[in-house]
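Written below as structure tokens is the structure these notes are about.
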Amino acid sequence: MHNKKRNRKGFFISYWVLIEGLLISIAIVATFQYINGVKNDTLFEQKYFARDLALMADTVSTVPGDVTYTYSDSKADLSAYEYHFTKNLVEIKESGKDLSVTYPFYYDNSLSPNFQSILKPDQIVFSKKGASLDISKTSGKKPAAELCPAIDTKGTLNIISVDSSDGAWDMADRLYKRFLAMPNAGFQLSLTRQQDPTALEDRLDKISGTTDAVVSFDVSDQDVIHVYASKNSFQDSDKLACLIINNLKDEFQSVPAYRLESEEKIINKHGVGVKVVVKNDKAPDRVTAAVLDALREYNG
Amino acid sequence: MDKKAGITFSTLLFSFFRLFILFLVAFSLVLFAHFFVKTKIDISDAESGIFAQSIINSPNGISYKDPVTKRVYPGIVDYTTFSNKAGLEAQLNNALYLEKNSIIAGAIELLTVDMKPYRSLSPIYYNKDYYDVWYTMGKTGYMGLGSAKIREKLYPVLIRDSGELKQGILKITIAIPNS
């Protein structure tokens, strides 16, 4: 009888301890969920950029005299968003999303504004010169474009195969997805492989006799852009390589870019072939956009 | 009350006390998280500072601009220009142009060094309609969204009056809504 009572008391105490443990767990989990939610939320970063850029526009537009300021940020990733400067408003949003963050800015109404929509920039240039106020991606000093072979390639690429090394698969995949989203590309595009590693011979077999051009991606550790042109149909390949390198130069202005002749099998076995090698942390969306634009330019 | 009932009661009372402490700890955790994680950005100090500097430095702001060379002299205020209240207000609203201005407003006063209105000049307003509302709300000290923050900035200036340069103070009062 005595033991039974003690057991009941013991049960009562452990019951309370369990409730307490549960409540503490709920509080800890909820707190960490909240912190994690804030950490992953890009809204704060967008608000920060909207305000910072609006203040920058306020400042530059009211400076006595001419000024050019190149805005970049080491604390947050400027290239993660799209920036739309319209009359009195900076609007920031993530690509493909409808939600945007805006913040107003003032400027001298006697100036003639030239505001651009800027997609995923490394920097934003604010410039006031004379009676002109410019907000753009570049300071106007673009790297010199390379001279491309003056040959007629209009409509020559109908089927394009996209190849990649293991490290560059993400780029090929993004290019393919971007291609699928294009309404009228003017050509067909397919991947030589999926995410799983595939032997080069298998990839060559897959595209044998079925493609007009091969675009291959690879990554390196060096911050240099290399675009290789196939030895076969060299002039045609060199023209495509040239168009790609000019687009990449526009996108990554501070990065040295070279176009070379390739010895590689995958791009040499077929007609037109190019290989794009970029540093492994280069923004893949911007690389693929540059390549797709070049393919369209090549086809006229 | 017998002895057993007394023990049960005190055990229960202690359990409630433990529960109270537990809630206190849990609440502190949440409070700490909210205290250290900032999700709001208050730029009113930077915004008011840039606004005041814009008024002083802008070629079409408050500072004297040489009519021939078009050079601006930040820190020198022309009495004749300042006394043309309507003209200067229009000029200022154009120099710091905002189509729908719901973010900032200001009042600019020209004072003597002993902080009296210079020659009894009345203040110049930027975005006057909102200034009146925000200034009134800001002075209530209410911290909520409907209210506003008031910032006062004083700058020593030279007043260009009848060909002479006199010492003066430029007082810029800025009203920024909390929302």
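Using a 1.4 angstrom probe on the protein heavy atoms only, line up B:Met143, B:Met137 by accessible area, largest first.
Details: B:Met143 165, B:Met137 65 Å².
In descending accessible area the options line up as B:Met143, B:Met137.
To the nearest 100 Å², how much accessible surface do chains A and B hide from each other in total, with a 1.4 Å probe?
Working: alone 17030 and 12020 Å², together 25820 Å².
Counting both chains, the buried surface is close to 3200 Å².
Shape verdict for the stretch A:220-272, please, from the Cα gyration tensor: rounded (a/c under 1.5), prolate (a/b greater than b/c) or oblate.
On the way: a/c = 3.20, a/b = 1.71, b/c = 1.88.
Since a/c reaches 1.5 but b/c is at least a/b, the shape of the stretch A:220-272 is classed as oblate.
Output ³J(HN,Hα) for the stretch B:96-105: one whole-Hz value per residue in order, computed from phi by the Karplus curve 6.51 cos²θ - 1.76 cosθ + 1.60 with θ = phi - 60°, and x for Gly and Pro.
Ordered by residue, 3J(HN,Hα) equals 10, 6, 9, 4, 10, 8, 10, 10, 8, 8 Hz.
So how far, in whole Å, is the C-alpha centre of the stretch A:24-71 from the one of the stretch A:77-118?
Value for the Cα centre distance between the two parts: 14 Å.
What number results when the radius of gyration of the stretch A:129-252, computed over Cα atoms, is divided by 2.2 N^0.38 Å? Write down the numbers at each step before the final one.
Values: Rg = 17.3 Å, N = 124, 2.2 N^0.38 = 13.7 Å.
In units of the globular-protein estimate, the stretch A:129-252 measures up at 1.26.
Please build a GNM for chain B, connecting alpha carbons under 10 Å apart, and tell me which residue among B:Val113, B:Val25, B:Val77 fluctuates the most.
B:Val25
List every residue whose amide H lies under 5 Å from the amide H of B:Lys149, counting only residues 5 or more places away in sequence or on a different chain, with H placed 1.01 Å from N in the peptide plane.
B:Ile176, B:Asn178
Got a sec? Which residues of the stretch A:44-92 lose 10 Å² or more of accessible surface with every protein chain in place, vs. that chain alone, 1.4 Å probe?
A:Phe44, A:Lys47, A:Tyr48, A:Arg51, A:Leu55, A:Asp58, A:Thr59, A:Thr62, A:Pro64, A:Lys87, A:Asn88
So how do A:151-161, A:101-111, A:279-289 stack up, highest first, on mean other-Cβ count within 10 Å?
Values: A:151-161: 15.6, A:101-111: 20.1, A:279-289: 18.1.
Put in order of decreasing packing, that is A:101-111, A:279-289, A:151-161.
Would you mind checking the tilt of helix A:169-181 against the longest principal axis of the Cα atoms of chain A, expressed as 0 to 90 degrees and rounded to 10?
80
Can you pull the mean other chain C-beta count within 10 Å for peptide B:8-16?
Values: counts 2, 0, 0, 4, 2, 0, 1, 6, 0.
Counting Cβ atoms of other protein chains within 10 Å of each residue's Cβ and averaging gives 2.
Can you put B:Ser28, B:Ser102 in order of accessible area, largest first, using a 1.4 Å probe?
Working: B:Ser28 45, B:Ser102 65 Å².
Descending accessible area places them as B:Ser102, B:Ser28.
Using the Cα centre of the stretch A:159-299 as the reference point, and only Cβ charges (+1 on K/R, -1 on D/E), how large is the resulting charge dipole? Debye, rounded to the nearest 20.
Around 300 debye, computed over the stretch A:159-299.
Among the listed pairs A:Lys93/A:Lys154; A:Lys129/A:Lys249; A:Lys97/B:Lys38; A:Lys129/B:Lys38; A:Lys177/A:Lys265; A:Lys128/A:Lys177, which have their C-alpha atoms separated by more than 30 angstrom in this model?
On the way: A:Lys93/A:Lys154 36 Å; A:Lys129/A:Lys249 26 Å; A:Lys97/B:Lys38 24 Å; A:Lys129/B:Lys38 38 Å; A:Lys177/A:Lys265 26 Å; A:Lys128/A:Lys177 39 Å.
The pairs that break the limit, which is 30 Å between Cα atoms, are A:Lys93/A:Lys154; A:Lys129/B:Lys38; A:Lys128/A:Lys177.
Provide a whole-number value for the mean count of partner chain Cβ atoms within 10 Å of the Cβ atoms in peptide B:36-42. Could the numbers behind the result be given before it?
Details: counts 1, 7, 2, 6, 2, 7, 1.
Per residue, the number of nearby Cβ atoms from other chains is 4 on average.
Based on DSSP, what percent of beta bridges with both residues in the protein assembly as shown are antiparallel, to the nearest 5? Kindly include the intermediate steps, with their values, before the conclusion.
Values: 56 of 85 bridges.
Within the protein assembly as shown, antiparallel bridges account for around 65 percent of the total.
Is the shape of the stretch B:1-149 best called rounded, prolate or oblate, per the rule: a/c under 1.5 gives rounded, else a/b larger than b/c gives prolate, else oblate, with a ≥ b ≥ c the square roots of the Cα gyration tensor eigenvalues?
Values: a/c = 4.60, a/b = 3.64, b/c = 1.26.
It comes out prolate by the Cα gyration axes.
Determine the per residue accessible area of the stretch B:44-177 with all protein chains present and a 1.4 angstrom probe, expressed in square angstrom.
Accessible area per residue, the stretch B:44-177: 49 Å².
Using a/c under 1.5 as the rounded threshold, could you call the protein assembly as shown rounded, prolate or oblate? The axes a ≥ b ≥ c are square roots of the C-alpha gyration tensor eigenvalues, and prolate needs a/b larger than b/c, oblate otherwise. If you can, show how the numbers build up before the last one.
Details: a/c = 3.69, a/b = 1.09, b/c = 3.38.
In terms of gyration-tensor shape, oblate.
For B:Asp78, enumerate residues with amide H under 5 Å from its amide H, sequence gap 5+ or separate chain, H modeled in the peptide plane.
Residues meeting the criterion, in which the H sits 1.01 Å from N, are B:Tyr64, B:Arg160.
Which of B:Phe36, B:Phe17, B:Phe51 moves the most in a Gaussian network model of chain B with Cα springs under 10 Å?
With Cα springs under 10 Å in chain B, the top fluctuation among B:Phe36, B:Phe17, B:Phe51 is at B:Phe17.
For helix A:284-298, what angle does its Cα long axis make with the longest principal axis of chain A, in degrees from 0 to 90 and rounded to 10?
For A:284-298 against chain A, the angle is about 30 degrees.
So for B:Asp132, A:Asp202, what's the accessible-area order with a 1.4 Å probe, most first?
Listed by decreasing accessible area, they come as A:Asp202, B:Asp132.
Measuring from centroid to centroid over Cα atoms, what is the spacing of the stretch B:81-145 and the stretch A:203-239 in Å?
Their Cα centres are 64 Å away from one another.
How many partner chain Cβ atoms sit within 10 Å of a residue's Cβ in peptide A:34-40, on average, as a whole number?
Working: counts 4, 3, 0, 2, 4, 1, 0.
Neighbouring Cβ atoms belonging to other protein chains average 2 per residue here.
Quick check: at a probe of 1.4 Å, how many percent of the accessible area of the stretch A:162-300 sits on carbon and sulfur atoms?
On the way: 2680 of 6130 Å².
Carbon and sulfur atoms account for 44 percent of the accessible area of the stretch A:162-300.
Measure nothing fancy, just the Cα-based angle from helix B:44-57's long axis to the longest principal axis of chain B, in degrees from 0 to 90, nearest 10.
With both axes taken from Cα atoms, the answer is about 0 degrees.
Keeping every protein chain present and rolling a 1.4 Å probe, give me the accessible area per residue for the stretch A:87-245 in Å². Please list the in-between numbers first.
Working: 7820 Å² over 159 residues.
The answer is 49 Å² per residue.
The values are calculated or read from the model by the stated rules, or taken from the named source; none is laboratory data. Note that this is a predicted model, so its numbers are computed, not measured. A quick note on method: Cβ atoms are made from the backbone with ideal geometry, for glycine too, and the neighbour counts reach across all protein chains shown. Quick note on the areas: whole protein, heavy atoms, side chains included, nothing else; ligands and nucleic acids left out. Shrake-Rupley method; radii C 1.70, N 1.55, O 1.52, S 1.80 Å.
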